[in-house]
Amino acid sequence: MPTDDLKESIKEMMVEKLMLKIPKEEIHDDTPLFGPDGLGLDSIDALELVVSLEKQFGVSVPSSDVAKSALVNVNSIHDYILANGKR
């Protein structure tokens, strides 16, 4: 899957599964997912995101340490999927 298509799929999944109140077009690739300066996701959202990544993209996030680096923004999720996805 081309990079831009994968990033769009990630954004679509986030809007749908996390029930975000913003459209995917307003999520920039480098927008932080957590914290007041970003999308403001919480720990429940993080859990749902991990489950959705496994179901939709076939990648697991085995620990909270991995999650902290993989779930920073769309770019980091994209890179994690490419590095750890089933080929």
statement: Carbon/sulfur accessible area of the chain, % of total, 1.4 Å probe, equals 52 percent
query: So, in Å, what gap is there between the alpha-carbon centers of region 1-34 and region 40-69?
result: 14 Å
task: Please give the contour-minus-distance gain from Val66 to Leu82: 0.36 nm per residue of separation, less the Cα-Cα distance, rounded to one decimal in nm.
output: 4.3 nm
- prompt: What translational D, rounded to a whole number of µm²/s, comes out for region 1-81 from Stokes-Einstein when the hydrodynamic radius is the Kirkwood one over Cα pairs, at 4 °C and 1.567 mPa s?
  reply: 104 µm²/s
query: When the chain is fully extended, how far beyond the present Cα-Cα distance does Glu16 get from Glu48, taking 0.36 nm per residue of separation?
result: 10.4 nm
field: region 41-87 shape via C-alpha gyration tensor axes, a/c threshold 1.5
entry: prolate
Mean ellipticity per residue at 222 nm, deg cm²/dmol - from DSSP H runs of n ≥ 4 across the chain, formula -39500 (n - 2.57): -17000 deg cm²/dmol
- request: With a probe of 1.4 Å, find how much accessible area the chain has per residue, and write the answer as a whole number in Å².
  value: 62 Å²
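The values are calculated or read from the model by the stated rules, or taken from the named source; none is laboratory data. Quick caveat, the model's predicted, so the values are computed rather than measured. Heads up: the accessible areas ignore ligands, DNA and RNA and are worked out on the full protein's heavy atoms, side chains in. Shrake-Rupley method; radii C 1.70, N 1.55, O 1.52, S 1.80 Å.
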